[in-house]
1. Just reorder Leu110, Leu33 by solvent-accessible area, largest first, 1.4 Å probe, all chains present.
2. Full-extension gain between Thr51 and Gln15, please, as 0.36 nm times their residue separation minus the C-alpha to C-alpha distance.
3. How do 8-21, 96-109 rank on mean C-beta neighbours within 10 Å, highest first?
4. Considering Cα pairs under 8 angstrom that are at least six residues apart, work out the relative contact order of the stretch 63-123 and quote it in whole percent.
5. Using a 1.4 angstrom probe on the protein heavy atoms only, line up Thr52, Thr93, Thr38 by accessible area, largest first.
6. Using θ = phi - 60° and the Karplus relation 6.51 cos²θ - 1.76 cosθ + 1.60, list the HN-Hα couplings for the stretch 44-59 in order, rounded to whole Hz, with x at every Gly or Pro.
7. Using a 1.4 Å probe and counting only protein heavy atoms, arrange Trp2, Trp134 so the residue with the most accessible area comes first.
8. According to the square roots a ≥ b ≥ c of the eigenvalues of the Cα gyration tensor, what is the shape class of the stretch 1-84, taking rounded for a/c under 1.5, prolate for a/b larger than b/c otherwise, and oblate for the remainder?
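The values are calculated or read from the model by the stated rules, or taken from the named source; none is laboratory data. On a predicted model such as this, the values are computed, not experimentally measured, just so you know. Methodologically, a virtual Cβ is constructed for each residue, glycine included, from the backbone with ideal geometry; neighbour enumeration extends over all protein chains shown. Only protein heavy atoms, including side chains, enter the accessible area calculation; ligands, DNA and RNA are left aside. Shrake-Rupley method; radii C 1.70, N 1.55, O 1.52, S 1.80 Å.
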Amino acid sequence: MWFLYLLSWIALLVQVCIVTLSIAAGLYYLAELVEEYTVMTGKIIRYMIVTTAVVYLLIFLFEDFPLLLVGSGLISCVAYFAVLQTFPFFDLTSPAFIASVVLLIFDHYLAFSHFSEVWYPFAEVLAYFTICLWLVPFAFFVSLSANENTLPTTTASPRPSDDADVVSSYFSRKAKKYGLLSFFRNVQGSVLPQRVKKSY
């Protein structure tokens, strides 16, 4: 009896490892696709934002959700559109990016408050969180690595120390990589064993 119980815990651990590796491989593949097709990714994210805004309007019409929750979600969609204006480049200190992060946290607070007061089936709660709160931020998260391999075209706002030289400005900023794909490459380099070349 105890052996099968122990075996079930070992199987659960193996399943968690397999699911984790599958999610990591899927994220890596999505990051590769985003880097390859940045224009198409921008259009897809724009459609996602519009779809989320329509869902918020339909929730307002057909469900009994608080007006503050729906209004905050619609304002979040406007902030996401502002972040999308510079896609695939993300300025983490821009007012649009900061506002979208703050609104995302505020939307989660409002959603948790509403769903703790009013009972809904778990599938409906998960549907709201997935489509209204997580879909667009997840798409932006996967797209963080899209600007690592983008060639420079023009400088939108040259720094005072730069000579407005597009190429040198691009390569000076190129040294810092913060995207999802560079994170996976760093993890791959530190976790997986490296091949040592034998010198004869």
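1. Numbers: Leu110 25, Leu33 60 Å².
Order by accessible area, largest first: Leu33, Leu110.
2. On the way: separation 36, 0.36 × 36 = 12.96 nm, distance 3.40 nm.
Going from the current span to full extension adds 9.6 nm.
3. Working: 8-21: 9.9, 96-109: 15.9.
Going from most to least packed, we get 96-109, 8-21.
4. Values: 30 pairs, mean separation 23.9, N = 61.
Over the stretch 63-123, the number comes to 39 percent.
5. Working: Thr52 5, Thr93 105, Thr38 35 Å².
Ranked list, largest accessible area first: Thr93, Thr38, Thr52.
6. Taking θ as phi minus 60°, the curve returns 5, 5, 4, 5, 5, 5, 5, 4, 5, 5, 5, 4, 4, 5, 5, 5 Hz for the stretch 44-59.
7. Values: Trp2 185, Trp134 115 Å².
Most to least solvent-accessible, the answer reads Trp2, Trp134.
8. Details: a/c = 4.48, a/b = 1.62, b/c = 2.76.
In terms of gyration-tensor shape, oblate.
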